[in-house]
Amino acid sequence: MQRHRPSLGLAAAILIALLGLLGTAPPAASAANDREAHAQALQDVPAAMRSYYDGFWYFSAVLPDPYESWTPPKAPVQFCYNDSYQGNSWRAAALAEYQKLVADFAKAGLAKPNLIVTNSNNNIDVQLSQLQNQIRQGCNVILSIPSSPTGLCAGVQEAHKRGVLFVSVESPVFCKEAINVDFNEYYGGLQTGRWLAQALGGKGSVVMLDGVPGLAPTVARHEAAMSVFAQHPGIKVVGTVVGMWTPSIAKSKMLQFLATHPQRIDGVWNGALMGVAAGQALSQSGRPAARINGFSGSCSFLAYWKQNHLQSLSLSQGGAPALYEAFLVAARMLQGQKPVVNTILYPLPEITDANLDQWYKPSMTVQSNCFADPPDGRAVADSYFDPLFKGGAPLKVALQP
């Protein structure tokens with residue numbers, strides 16, 4: 001597994017850092033066709049919610065609740081943050097959200113006011129050491145964005161033995177003692193793929209614009225979109241361009257592709273952060289505009305969408321909502337609520353032509369590095385998680401993003 005952040009440019013660093021998945025495709029990806037095992041893993045997930053777990057094996061594992069016998073600590077709780085990187089606006093927003101939520105708990109007498117924070121700068125060995133130190137410092141709840149899906153397992157196991165709640169934030173780990181809270185990478189690929197297929201009327205030539213090869217998010221998103229296009233005989237995927245989640249690289253690679261593929265391009269499936277680059281490459285090549293989806297809710301794509309009066313769809317994947325959802329899961333568990341499985345997945349909100357003005361801000365430009373957050377600060381309604389928990393007591397603090 002890679003143990004450091006590749007040198008891919010600022011935009012790629014932002015997305016890789018926010019995902020926290022720096023290794024190759026996870027172990028479960030090799031079992032992609034084991035439908036019986038997938039169904040068995042989801043037996044405790046309510047049937048109505050299983051579609052949000054489609055393709056989980058590409059980037060996560062779904063296991064029994066490792067905290068079934070856990071007794072929550074008495075208040076005030078010591079919250080800690082075991083982060084792998086803090087060098088971009090996504091991570092800054094996530095940290096600020098965590099600090100705010102802890103402050104709200106502290107005012108209610110439920111938490112100690114100081115949030116203990118570490119940053120390993122994407123060195124998994126350092127992050128593991130920091131995690132072990134936080135356990136010994138008396139942390140009761142540790143939220144973490146790991147830089148490897150397996151590199152923290154020794155520390156996660158130690159946390160569990162000592163009664164410390166460990167929750168990964170938008171970066172699932174394959175450690176059976178961990179609670180994972182994330183959006184579904186594969187489901188995001190389905191959402192964007194379905195939009196593009198519908199926008200094209202089920203026919204046309206499509207280019208796949210992928211992120212970093214081999215990474216779990218890249219594989220999950222690509223496979224999901226391809227499964228959608230396979231249902232439309234009129235859609236022909238004419239090639240895959242590896243844009244590395246970096247606009248400059250994506251634009252250069254798209255220009256090279258267009259130079260050797262003179263046929264009309266009707267659609268570009270964008271795996272995140274590269275939609276503006278795709279549109280600019282088409283324009284620079286003298287090609288007609290194509291249908292292009294967003295993925296992560298980047299401000300740059302929303303600005304491009306608005307300025308060019310496009311028809312599109314994007315998902316919203318901001319740092320603050322991601323942290324809020326993980327904190328909400330931890331808060332429920334502190335009240336004795338038990339998750340039905342160890343991995344809690346949710347769908348990302350959709351930004352559409354109809355609601356774009358609720359997300360777009362005049363300050364956004366095609367050079368912006370920010371992400372658009374949901375108007376109420378939540379990826380999903382708090383009640384979304386109700387069927388994924390059992391027992392316990394209601395929250396003592398009404399959480400607000």
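Per-structure values
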| item | result |
| --- | --- |
| Residue count for region 121-151, restricted to those that are open to solvent by 10 Å² or more (accessible area, probe 1.4 Å) and not in a helix (DSSP H, G or I) | 6 |
| Odd one out for residue 154 among (1) of a type in the set (A, V, I, L, M, F, W, C); (2) open to solvent by 40 Å² or more (accessible area, probe 1.4 Å); (3) within 17 Å of residue 94 (Cβ to Cβ) | (3) |
| Residues of region 130-152 that turn out to be closer than 24 Å to residue 70 by Cα and either without any contact (Cβ under 8 Å) to a residue 40 or more places away in the chain or in contact with a Ser or Thr (Cβ under 9 Å, 6 or more places away or on another chain) (or both), as a count | 13 |
| Residues that are farther than 20 Å from residue 178 by Cβ and part of a loop (DSSP other than H, G, I, E, B), drawn from region 44-54 | 46, 54 |
| Flag if residue 287 is crowded, with 20+ Cβ neighbours inside 10 Å and basic (Lys, Arg) | no |
| Members of region 56-77 that are at pLDDT 95 or above, open to solvent by less than 10 Å² (accessible area, probe 1.4 Å) and part of a loop (DSSP other than H, G, I, E, B) | 67 |
| Region 235-267: number of residues that are open to solvent by less than 60 Å² (accessible area, probe 1.4 Å), among the small types (Gly, Ala, Ser) and in contact (Cβ under 8 Å) with a residue 60 or more places away in the chain | 1 |
| Search result, residues across region 157-201 that are of a type in the set (D, E, K, R), surrounded by 23 or more Cβ atoms within 10 Å (Cβ to Cβ) and part of a loop (DSSP other than H, G, I, E, B) | 170 |
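The values are calculated or read from the model by the stated rules, or taken from the named source; none is laboratory data. All values derive from a computational prediction rather than experimental measurement. Quick reminder, even Gly has a Cβ in these numbers, built from the backbone with ideal geometry, and neighbours come from all protein chains shown. With ligands, DNA and RNA removed, areas are computed over all heavy atoms of the protein, side chains included. Shrake-Rupley method; radii C 1.70, N 1.55, O 1.52, S 1.80 Å.
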